[in-house]
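The structure under discussion appears below in the form of structure tokens.
The values are calculated or read from the model by the stated rules, or taken from the named source; none is laboratory data. Not measured: the values here are computed from a predicted model. All Cβ positions, glycine included, derive from the backbone under ideal geometry; neighbour counts span all protein chains shown. Ligands, DNA and RNA are stripped out before the accessible areas are found, and what is left, the full protein with its side chains, is counted by its heavy atoms. Shrake-Rupley method; radii C 1.70, N 1.55, O 1.52, S 1.80 Å.
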Amino acid sequence: MAHTPARQGSRLTGWDPEDEDAWHRGGHRMARRNLVLSALAEHVGFSVWSLWSVLVLFMSPGIGLDFGPDRKFLLVATPTVVGSLLRLPYARAVTRFGGRDWTVFSTALLLLPTLAAAYFVQRPGTPFWVFLAIGALAGVGGGGFASSMTNVAAFYPRRLQGWALGVTAGAGNLGVAAVQLVGLLVLSAAGDTHPAYVAAGYLPLIVAVALLAAWKMDNVDTVRAEPGAQREAVRDRRTWCISLLYIGTFGSFIGYGFAFGLVLRHEFALTAREAVGYTFLGPLLGAFSRPLGGVLADRLGSARVTFWAFLGMAAGTGVLVAAAHDGSFALFVTGFTVLFVLTGLGNGSTYKMIPALFARQAEHEVTVGADADRAFARARRLTGAVIAVAGAVGVLGGTAVNVAFELSYTGGSPAPAFLAFLAYYAFCLAVLRTLRPGRAPAGYAPHPDAAKETSRV
């Protein structure tokens with residue numbers, strides 16, 4: 001018998017996305033509304049998070065800010081570090097305060113780094129440490145990923161989580177491309193001496209999304225985590241295997257997204273406008289391919305899609321090594337664009353692996369006598385915890401990408417960085433083998449809700 005969720009103010013109690021009757025009687029509309037607003041908040045957060053990947057391209061003696069490539073790579077790496085550190089507390093905040101309340105607060109918080117960037121980026125002679133501090137503050141945009149993903153996972157049934165998480169994360173990834181398009185628009189309309197316009201353009205959007213979240217989103221009781229859920233997650237070997245894979249997929253996406261413009265300027269001596277004109281396409285395609293990765297994982301299996309994504313990323317990195325050696329601009333840009341698409345596919349399929357792995361564990365617990373409702377409820381809570389841990393660890397890959405480029409260009413060539421990325425992708429293929437499902441135990445009888453998931457890990 002379907003159970004109708006009760007509403008107490010903005011909080012829903014008794015929400016169960018696996019209740020198909022309640023889902024078809026209106027639950028899907030509620031879930032979609034929260035998905036759309038969570039995705040919008042994440043999109044704006046990612047745009048603010050990656051703001052400095054565009055602003056550093058404006059920094060030149062012409063506006064009184066003459067910093068070398070090493071400092072610029074450090075500046076774009078700083079938000080990724082802070083964003084990584086914030087993801088665990090952000091995911092925990094959703095379980096404590098609710099998806100609606102935390103989305104409103106975390107979105108409004110984006111006003112601080114955006115206002116600071118708009119004010120200082122056109123003040124000649126501003127010390128570099130001020131920009132580092134503002135860049136660190138922009139890291140709050142990266143923390144919102146974990147809270148949005150945890151919230152959305154609680155609203156959708158397991159059979160649709162690959163799609164829902166892919167859409168949410170894809171909207172966030174799209175923010176990397178969007179801010180570069182805004183930068184291109186500013187460069188085309190106002191030239192390369194008005195970087196403040198890039199930041200200022202986001203202020204009304206931040207306010208609008210915060211108000212919409214306050215008006216239309218819900219807090220839901222099932223998003224509340226059991227005490228110690230994250231501690232339990234970090235003790236699970238699978239959490240760290242997923243995290244290592246996510247370093248390779250999302251870490252590559254965000255690291256390349258932040259660094260691509262600087263690499264093009266340094267490697268091929270492009271102007272700021274020329275660099276931004278080429279850099280937006282890769283993140284744009286990568287953002288759109290992320291939900292496709294989730295859908296393919298739903299249909300073909302998350303391990304299989306992730307395996308082919310890493311294999312393609314390794315091949316694409318080899319192409320970049322050859323392009324850098326030959327000085328081929330067209331091949332270099334094409335190779336990078338293909339890498340963005342593959343990282344997007346890998347992002348979606350890797351995250352789909354998380355609910356699938358824990359659904360399989362819950363199914364096994366049921367076969368040995370555990371209560372099905374409690375086993376699958378625990379699987380959902382652990383899924384949220386692992387999403388937070390993997391998301392936090394994975395961002396560190398973006399920092400590693402920028403540090404690798406900084407060290408490589410100190411020696412005059414990006415080849416050592418690309419070879420390091422190639423080695424890591426090969427390592428991820430080996431890690432992926434450890435997550436392949438084994439044979440079912442004797443007497444195994446799949447639970448109807450879990451069979452779809454456990455067969456597709």
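Is one or more of the residues making up the range 348-361 outside any helix (DSSP H, G or I) and either at negative phi or of a type outside the set (Asp, Glu) (or both)?
First, the residues of the range 348-361 that are outside any helix (DSSP H, G or I): none.
No, that holds for no residue.
For (1) more than 22 Å from Leu109 (Cβ to Cβ); (2) in a helix (DSSP H, G or I); (3) at pLDDT 90 or above, each residue gets a yes or a no:
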residue	(1), (2), (3)
Ile206	no, yes, yes
Ala210	no, yes, yes
Ala214	no, yes, yes
Glu226	yes, no, no
Glu232	yes, yes, no
Cys241	yes, yes, yes
Tyr246	yes, yes, yes
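Name every residue in the range 368-384 that is part of a helix (DSSP H, G or I) and at pLDDT below 80, in order of residue number.
Of the range 368-384, the ones part of a helix (DSSP H, G or I) are 372-384.
If the condition is that a residue be part of a helix (DSSP H, G or I) and at pLDDT below 80, then Ala372, Asp373, Arg374, Ala375, Phe376, Ala377, Arg378, Ala379, Arg380, Arg381, Thr383, Gly384 are the ones that fit.
State the number of residues belonging to the range 77-108 that are modelled with pLDDT of 90 or more and over 19 Å from the mean Cα position of the chain (by Cα).
5
Out of Thr80, Thr13, which single residue is under 22 Å from Val167 (Cα atoms) and either among the polar types (S, T, N, Q) or open to solvent by 40 Å² or more (accessible area, probe 1.4 Å) (or both)?
Working: Thr13 fails: under 22 Å from Val167 (Cα atoms).
Step by step, each of Thr80, Thr13 is checked, and only Thr80 is under 22 Å from Val167 (Cα atoms) and either among the polar types (S, T, N, Q) or open to solvent by 40 Å² or more (accessible area, probe 1.4 Å) (or both).
Could you list, in sequence order, all residues of the range 398-424 that are open to solvent by 50 Å² or more (accessible area, probe 1.4 Å) and closer than 16 Å to Phe250 by Cβ?
Ala400, Tyr424
Residue-by-condition table, conditions (1) modelled with pLDDT of 90 or more; (2) more than 20 Å from Gly335 (Cβ to Cβ); (3) in contact with a Gly (Cβ under 9 Å, 6 or more places away or on another chain):
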position	(1), (2), (3)
Thr249	yes, no, yes
Ala269	no, no, no
Pro283	no, no, yes
Gly301	no, yes, no
Leu311	yes, no, no
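Does the range 130-139 contain any residue that is surrounded by fewer than 19 Cβ atoms within 10 Å (Cβ to Cβ) and either without any contact (Cβ under 8 Å) to a residue 24 or more places away in the chain or hydroxyl-bearing (Ser, Thr, Tyr) (or both)? Steps first, please.
In the first step, residues of the range 130-139 are kept if they are surrounded by fewer than 19 Cβ atoms within 10 Å (Cβ to Cβ); the result is 130, 132-133, 136.
Those left that are additionally either without any contact (Cβ under 8 Å) to a residue 24 or more places away in the chain or hydroxyl-bearing (Ser, Thr, Tyr) (or both): 130, 133.
Yes: one or more hits.
List the residue pairs whose Cβ atoms are under 8 Å apart, where the first residue sits in the range 356-377 and is within 23 Å of Val295 (Cα to Cα), the second is of a type in the set (Phe, Trp, Tyr) and part of a helix (DSSP H, G or I), and the two are 6 or more positions apart or on different chains.
Between residues of the range 356-377 that are within 23 Å of Val295 (Cα to Cα) and residues that are of a type in the set (Phe, Trp, Tyr) and part of a helix (DSSP H, G or I), the close pairs are Ala359/Phe376; Ala362/Phe376.
Go over the candidates Ser455, Ser413 one by one and state the one that is closer than 27 Å to Gly68 by Cβ, of a type in the set (S, T, N, Q) and modelled with pLDDT under 85. Spell out how you get there, then give the answer.
Numbers: Ser455 fails: closer than 27 Å to Gly68 by Cβ.
Only one candidate qualifies: Ser413.
Looking at Asp298, is it among the charged types (D, E, K, R) and out of contact with any helix residue (DSSP H, G or I) (no Cβ under 6 Å at 6 or more places or on another chain)? Working first, answer last.
Details: among the charged types (D, E, K, R): yes; out of contact with any helix residue (DSSP H, G or I) (no Cβ under 6 Å at 6 or more places or on another chain): no.
When the stated conditions are applied, Asp298 does not pass them.
Within the group Arg33, Arg29, Arg71, which residue is without any contact (Cβ under 8 Å) to a residue 12 or more places away in the chain, surrounded by fewer than 24 Cβ atoms within 10 Å (Cβ to Cβ), among the basic types (Lys, Arg) and assigned to a helix (DSSP H, G or I)?
Every option except Arg29 fails the conditions.
Filter the range 267-281 down to the residues that are of a type in the set (Ser, Thr, Tyr) and closer than 15 Å to Phe340 by Cβ, then identify the one that is surrounded by the most Cβ atoms within 10 Å (Cβ to Cβ).
First, pick out the residues of the range 267-281 that are of a type in the set (Ser, Thr, Tyr): 271, 278-279.
Of the ones still in play, those that are also closer than 15 Å to Phe340 by Cβ are 278-279.
Values: Tyr278: 20, Thr279: 34.
By that ranking, first place goes to Thr279.
Identify the residue in the range 141-166 that is hydroxyl-bearing (Ser, Thr, Tyr) and modelled with pLDDT of 85 or more and, among all such residues, is nearest to Ala22 (Cα to Cα).
Within the range 141-166, the first condition is being hydroxyl-bearing (Ser, Thr, Tyr), and the residues that meet it are 147-148, 150, 156.
Adding the requirement that they be modelled with pLDDT of 85 or more leaves 147-148, 156.
Values: Ser147: 25, Ser148: 23, Tyr156: 12 Å.
So the residue we want is Tyr156.
Inside the range 49-68, can you point out the residues that are part of a loop (DSSP other than H, G, I, E, B), open to solvent by 10 Å² or more (accessible area, probe 1.4 Å) and among the small types (Gly, Ala, Ser)?
From the range 49-68, those part of a loop (DSSP other than H, G, I, E, B) are 50, 59-60, 64-68; that's our starting set.
Narrowing further to those that are open to solvent by 10 Å² or more (accessible area, probe 1.4 Å): 60, 64, 66-68.
Those that are part of a loop (DSSP other than H, G, I, E, B), open to solvent by 10 Å² or more (accessible area, probe 1.4 Å) and among the small types (Gly, Ala, Ser): Ser60, Gly64, Gly68.
Would you confirm, using the coordinates I've provided, whether Arg290 is open to solvent by less than 10 Å² (accessible area, probe 1.4 Å) and of a type in the set (Lys, Arg)? Don't jump to the end; show me each part of the working.
On the way: open to solvent by less than 10 Å² (accessible area, probe 1.4 Å): yes; of a type in the set (Lys, Arg): yes.
In short, yes.
Taking Tyr409, is it of a type in the set (Ser, Thr, Tyr), within 22 Å of the chain's Cα centre (by Cα) and either in a helix (DSSP H, G or I) or closer than 28 Å to Gly139 by Cα (or both)? Before the answer, list the steps.
Working: of a type in the set (Ser, Thr, Tyr): yes; within 22 Å of the chain's Cα centre (by Cα): no; either in a helix (DSSP H, G or I) or closer than 28 Å to Gly139 by Cα (or both): yes.
Answer is no for this residue.
Name the single residue, out of those in the range 233-249 being within 17 Å of Ala314 (Cβ to Cβ) and among the hydrophobic types (A, V, I, L, M, F, W, C), that is surrounded by the most Cβ atoms within 10 Å (Cβ to Cβ). Let's see the steps before the verdict.
Going residue by residue through the range 233-249, those that are within 17 Å of Ala314 (Cβ to Cβ) are 244-249.
With among the hydrophobic types (A, V, I, L, M, F, W, C) added as a condition, the list becomes 244-245, 247.
Values: Leu244: 22, Leu245: 29, Ile247: 24.
Filtering first and then ranking leaves Leu245.
Among the candidates Phe105, Phe145, Phe131, which residue alone is in a helix (DSSP H, G or I) and more than 27 Å from Val389 (Cβ to Cβ)? First the steps, then the outcome.
Numbers: Phe105 fails: more than 27 Å from Val389 (Cβ to Cβ); Phe145 fails: more than 27 Å from Val389 (Cβ to Cβ).
Result: Phe131 is the single residue among Phe105, Phe145, Phe131 that is in a helix (DSSP H, G or I) and more than 27 Å from Val389 (Cβ to Cβ).
Does Leu187 satisfy the condition of being over 30 Å from Arg374 (Cα atoms), assigned to a helix (DSSP H, G or I), touching a Lys or Arg at 6+ places or on another chain (Cβ under 9 Å) and modelled with pLDDT of 80 or more?
Values: over 30 Å from Arg374 (Cα atoms): yes; assigned to a helix (DSSP H, G or I): yes; touching a Lys or Arg at 6+ places or on another chain (Cβ under 9 Å): yes; modelled with pLDDT of 80 or more: yes.
Criteria met by Leu187.
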